[in-house]
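My questions will all concern the structure given below.
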Amino acid sequence: MKEINLLEGKLVAKEGMKVAIVASRFNEIIVNKLLGGAVDGLVRHGVQEDNITAAWVPGAFEIPTVAQKLAMSGKYDAIICLGTVIRGQTSHYDYVCNEVSKGIAQISLQQHMPVLFGIVTTENIEQAIARAGSKAGNKGYDCALSAIEMVNLMEQI
Ligand SMILES: Nc1c(NC[C@H](O)[C@H](O)[C@H](O)CO)[nH]c(=O)[nH]c1=O
Ligand SMILES: CC(=O)[C@@H](O)COP(=O)(O)O
C-alpha cells in the first residue's frame with residue numbers, strides 16, 4: 001500500500017516543555033493522588049520539574065477560570081486540569097461536571113493548545129479511588145502522557 005503521511009506525537013517531552021496543572025481542593029485526598037500521578041508521568045517522560053507549575057482552586061467549577069488565564073499567558077505548552085467530582089444527593093453534580101468539561105474544551109479550542117481533562121467524575125468515592133492510583137490506574141498520569149503526545153503532535157501541524 002502507498003506510504004501515507006502519518007502524524008503522531010512521541011511520548012518523550014520536547015526540550016524545555018512547560019506544563020501548568022490546575023488542581024481543585026474539593027475531594028483533596030483523591031486530587032492529591034492525581035497530582036502526584038501527573039507530576040510522575042511528566043518527569044518520567046522528560047519534563048524538567050522546574051518546568052512544572054501547579055495551581056490549587058477551591059473546586060472543579062473554578063478550574064476553567066484559572067486554566068484560561070494560564071493558557072492565555074503564553075508561558076506553557078500544555079495545561080492539565082485535575083479534579084474529582086463525586087455525585088451527591090442533588091443535581092449539583094451534573095451542573096458542575098457539564099460546565100467544567102465544556103469550559104476546558106472551550107479553552108483548548110480557543111487557545112489552540114492542549115488542555116487536558118483530568119477530572120474524575122464518579123458515582124461514589126470507591127470509583128474515584130480506583131482512578132487515582134489503584135485498580136483503574138491514575139488519570140493524572142494518563143493526562144501527563146497525553147499532554148506530551150499532544151504537544152509533540154501539534155508541533156507537526
Ligand atoms: N461537589 C463538588 C464540588 N463542588 C464545588 C464546586 O466545584 C464549586 O467550587 C462551588 O460550587 C463554588 O463555585 N467541587 C468538586 O470539585 N467536586 C465535588 O464533588
Ligand atoms: C458534586 C457535588 O457538588 C456534590 O458533592 C454536592 O452534593 P449534594 O448534591 O448532596 O449537595
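The values are calculated or read from the model by the stated rules, or taken from the named source; none is laboratory data. Keep in mind that what you see is a predicted model, and the values were worked out from it rather than measured. A quick note on method: Cβ atoms are made from the backbone with ideal geometry, for glycine too, and the neighbour counts reach across all protein chains shown. Heads up: the accessible areas ignore ligands, DNA and RNA and are worked out on the full protein's heavy atoms, side chains in. Shrake-Rupley method; radii C 1.70, N 1.55, O 1.52, S 1.80 Å.
If A13 satisfies every condition in (1) away from ligand 2 (no atom under 16 Å from the Cβ); (2) open to solvent by 70 Å² or more (accessible area, probe 1.4 Å) but one, which is the exception?
(2) is the only condition that A13 fails.
Out of the range 16-41, which residues are buried (at least 19 other Cβ atoms within 10 Å of the Cβ), under 16 Å from the mean Cα position of the chain (by Cα) and within 11 Å of ligand 1 (Cβ to nearest atom)?
The answer is A23, S24, I30, V31.
Here's a follow-up. Taking into account only those residues within the range 1-48 that are of a type in the set (K, R) and modelled with pLDDT of 95 or more, which is nearest to E126 (Cα to Cα)?
Step one: list which residues in the range 1-48 are of a type in the set (K, R), which gives 2, 10, 14, 18, 25, 33, 44.
In the following step, the residues that additionally are modelled with pLDDT of 95 or more were identified as 10, 14, 18, 25, 33, 44.
Working: K10: 33, K14: 36, K18: 33, R25: 18, K33: 14, R44: 28 Å.
Of everything passing the filter in the range 1-48, K33 is nearest to E126 (Cα to Cα).
K139 - would you say it is touching a residue at least 60 places away in the same chain (Cβ under 8 Å) and basic (K, R)? Let's see the steps before the verdict.
On the way: touching a residue at least 60 places away in the same chain (Cβ under 8 Å): yes; basic (K, R): yes.
Taking the combined requirement at face value, the residue satisfies it.
Name the helices (runs of 4 or more DSSP H) wholly inside the range 1-117 in which the number of residues that are hydroxyl-bearing (S, T, Y) is 3 or more. Give the steps one after another, and end with the answer.
Working: elements: 28-44, 63-73, 92-111.
The qualifying helices (runs of 4 or more DSSP H) are 92-111.
While we're on this one: Looking at (1) open to solvent by 60 Å² or more (accessible area, probe 1.4 Å); (2) farther than 28 Å from G16 by Cα, which one does V85 not meet, given that it meets all the others?
So the condition that V85 fails would be (1).
Inspect all residues belonging to the range 20-32 and state whether any of them is of a type in the set (K, R), within 16 Å of ligand 2 (Cβ to nearest atom) and without any contact (Cβ under 8 Å) to a residue 60 or more places away in the chain. Even if it seems obvious, please write down each step before you answer.
Step one: of the range 20-32, the residues of a type in the set (K, R) are 25.
Next, from what is left, pick out any that are within 16 Å of ligand 2 (Cβ to nearest atom): 25.
Applying the additional criterion that residues be without any contact (Cβ under 8 Å) to a residue 60 or more places away in the chain yields 25.
Yes, there is a match, as at least one residue in the range 20-32 is of a type in the set (K, R), within 16 Å of ligand 2 (Cβ to nearest atom) and without any contact (Cβ under 8 Å) to a residue 60 or more places away in the chain.
(1) touching a residue at least 12 places away in the same chain (Cβ under 8 Å); (2) closer than 18 Å to N32 by Cβ; (3) surrounded by fewer than 24 Cβ atoms within 10 Å (Cβ to Cβ); (4) more than 12 Å from ligand 1 (Cβ to nearest atom): which one isn't true of Q111, the others all being true?
If we test Q111 against (1) touching a residue at least 12 places away in the same chain (Cβ under 8 Å); (2) closer than 18 Å to N32 by Cβ; (3) surrounded by fewer than 24 Cβ atoms within 10 Å (Cβ to Cβ); (4) more than 12 Å from ligand 1 (Cβ to nearest atom), just (2) comes out false.
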